[in-house]
Structure formats: C-alpha cells, structure tokens
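The values are calculated or read from the model by the stated rules, or taken from the named source; none is laboratory data. Everything numeric in this text was worked out from a predicted model, so none of it was measured. Please note: Cβ atoms are built from the backbone with ideal geometry, for glycine as well, and neighbour counts cover all protein chains shown.
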Amino acid sequence: MPVTRSKGRARSAGREVLPAPQTRAGAGAAALRAVGEVRLLVLDDDQSICKLICTALAPHKFVIDTVSEPRRMEEHLRARPYHLVILDYVIPGLEAERLLGWVREYQPDAGVLAITAFPSIDSALSCLRARTYDYLTKPFHIEELQRVVTRCLESKGLLRLSEEALREAVGAAIRERRKAQALTLAQVAQRTSLSLGYLSQIELGKNSASIETLYRICLGLGIRIAELFQAVQKTI
C-alpha cells in the first residue's frame, strides 16, 4: 500500500535497532543478510514517516537513526559515518541544497536516497547533480522503498544472500529455464553428463554446484552463465 505524508510535525529524533523477522521469504529481499553492522540515517520532518521507514526496513536488522528536527540534522550527519542516508527533499526551514551539501561534506561514502512529496524537474536535477542513488516521490509503495534500499546496499557489498538462499535461487532459475524448454531432468542429465540425482539436488537447492557444473548446465540449456545469475538477481 502507498505511504501518505502525515500533516503532523515531529519534534524529536530517535534511534532504533530493528529485530530480524522470524520467517524468511525464500530467495527474495528478506533472504539477504547484512554483512556486519549497516547504519542508516533517515532525515524527515515528519516523524511518522521516519517510523514507517524503520518498520519497512525491519527484516534486515539495520541500525537506524532518525532525525525530525531540521536544526539537529547537521549534527547527526557529522556525528558518525552512515552507509545510506534517506532524506526528505523538502523540509520546512532547511534548503534542500544546504542539506545535500552537508551530506556530501560529512557522508561522502554514503548512498543517498531522496524522497519528496513535491516532485519537480529542478529537484530531480538537483538530486542528480548530488549523485543520489535514487529519487522517490510520495506517496510511494513500501515495496518500492525496500527494493531501492536493498539494491543500494547490495551494490556496496553490505547485503548478500545466505548460502542456502543462493543455492535455492540458482536451483529455481535452472528449473524455470529447463521447464520453459520442455526438457526433463533426464534429458539435461544426458546433455551435461551429470547424474540425474545430482541435477535434482541442485534444482532443489540442496547441493552447491561448482562454476564448472553451472557452465555445463548452461551449455545444456543453451543459455549463457551470465543469464543464469541475472535471473538470480531479479528474484531479490
């Protein structure tokens, strides 16, 4: 469901360490795990939006700082390094260029995600010049926010699939392409000179395949190995 901007104005800043969920959604975004501590900073004058973003990103157990008071935003940007800064582009009493300038100065290595309820060509160009990772407009969908944040942190090597989830994703991608060609496991086994049982275990995600084995499977399916991993990426 889309997120709508609350009319209330927040007056405080808070910090929240979010717990991981008890269930895992296969090889999707919830299967990604943080590599060490991942720190995010949310800057939005609407405290309800800050809380909603925290809740949306709960599956990854990030350390998230939120700041709703404009006068305290520079202070928090200077306080410690962050991996990702999520900011509202339009904050009353604070010019967007000034806020982006602080981010560039104090958080040069952080990814930046800008969110605004007042999209315009000027604001989009400003974010582009500031090299923000992405630009979302309100109301936005929770799934869209999760996807953008996941992609940004994954590109920095801060999120990755667990070994189990990776096996499952690779196996599912192989099975999908085999069935799309109306091939049986026996036929693929014959083409690849791999045992039927071994191929079955790979498709079920119960056995890891070496690069050589994946190469042979891709040859048997008539696809490039890069296509297989691109398919895995699309499941995240």
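Tabulated data
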quantity	calculated
Boolean, I115 is of a type in the set (V, I, T) and farther than 18 Å from R151 by Cβ	no
Qualifying residue in segment 228-236 (condition: of a type outside the set (F, W, Y), surrounded by 14 or more Cβ atoms within 10 Å (Cβ to Cβ) and farther than 30 Å from L40 by Cβ)	yes
Search result, residues across segment 182-221 that are polar (S, T, N, Q) and part of a loop (DSSP other than H, G, I, E, B)	T184, S193, S195, N207, S208, S210
Hey, A169 at pLDDT 95 or above, assigned by TED's automatic domain parsing to the domain that holds I217 and small (G, A, S) or not	no
Exclusive hit being modelled with pLDDT under 90 and not basic (K, R), set T213, T192, T132	T132
Top-ranked residue of segment 5-38 - restricted to ones that are modelled with pLDDT of 80 or more and surrounded by fewer than 17 Cβ atoms within 10 Å (Cβ to Cβ), ranked as farthest from H76 (Cα to Cα)	G36
Matching residues, segment 115-138, being of a type in the set (S, T, Y) and outside any helix (DSSP H, G or I)	T116, S120, T132, Y133, Y135, T137
